[in-house]
Amino acid sequence: MRRLFIILGVILMATLVMAQDSSKQRFVRITHSTEGTVAIDSAGGVWHYDAGSGEFVSGELADVKTLSDQTDEDTSGEELMLPADIRCTDVHEGDISRLFSEVVVEVDERVTGAVFSGRDVIIKGLVDGDVVSLRTVTVAGTGEVRGNII
């Protein structure tokens with residue numbers, strides 16, 4: 001069962017990367033939940049992933065929360081951020097597993113290991129490992145995941 005989830009996650013991520021390249025959009029946020037996948041481009045446009053066509057299309061799915069719905073953080077300075085390898089100086093080695101609370105990897109944090117949450121996961125920093133959530137995974141414009149997202 002675990003292998004199936006990993007395979008599905010890899011297929012989804014590969015599809016997302018191909019969809020990004022084919023649409024020539026630069027997404028600063030991608031939020032994935034059971035209701036669907038929503039992306040925000042650098043111009044503030046909202047896109048949702050259409051599994052039938054295998055690409056992102058303009059417009060938002062109903063009832064899908066994005067990072068901007070979850071936080072009132074000012075993201076206007078995201079373009080000026082240092083790369084995650086340089087910026088993330090607060091290093092957490094090992095896995096993070098929280099069944100009953102959300103996990104937030106902050107802008108200056110780097111996690112070297114897997115991240116699991118029974119609730120939401122918000123990545124603003126760097127994760128060197130897989131990310132698994134039973135609800136939603138949000139990767140902010142400052143975030144980076146070097147692994148699978150399930």
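Read-outs throughout are calculated quantities, based only on the coordinates presented, and are distinct from any laboratory measurement. Values in this document were obtained by computation on a predicted structure and should not be read as measured data. Glycine gets a Cβ as well: all are built from the backbone with ideal geometry, and neighbour counts include every protein chain shown.
Using the 2.2 N^0.38 Å rule of thumb for compact globular proteins, work out how the range 84-150 stacks up: its C-alpha Rg over that value, please.
Numbers: Rg = 10.4 Å, N = 67, 2.2 N^0.38 = 10.9 Å.
That works out to 0.95 for the range 84-150.
Order 87-96, 112-121 from most to least packed using the mean count of other Cβ atoms within 10 Å. If you can, show how the numbers build up before the last one.
Numbers: 87-96: 14.1, 112-121: 18.6.
Sorting 87-96, 112-121 by mean packing, highest first, produces 112-121, 87-96.
How high is the FRET efficiency from residue 97 to residue 51, r the C-beta distance, R0 30 Å, rounded to 0.05?
Working: r = 29 Å, r/R0 = 0.97.
My answer for the efficiency is 0.55.
May I ask you to compute the full-extension gain from residue 6 to residue 26, defined as 0.36 nm times their residue separation minus their alpha-carbon distance, rounded to one decimal in nm? Working shown, then result.
Working: separation 20, 0.36 × 20 = 7.20 nm, distance 2.54 nm.
Difference between extended and current length: 4.7 nm.
If amide H atoms are built 1.01 Å from N in the plane of the peptide, which residues on other chains or at least 5 residues away come under 5 Å of the amide H of residue 28?
Counting only residues 5 or more places away or on other chains, the set is 40, 41, 42.
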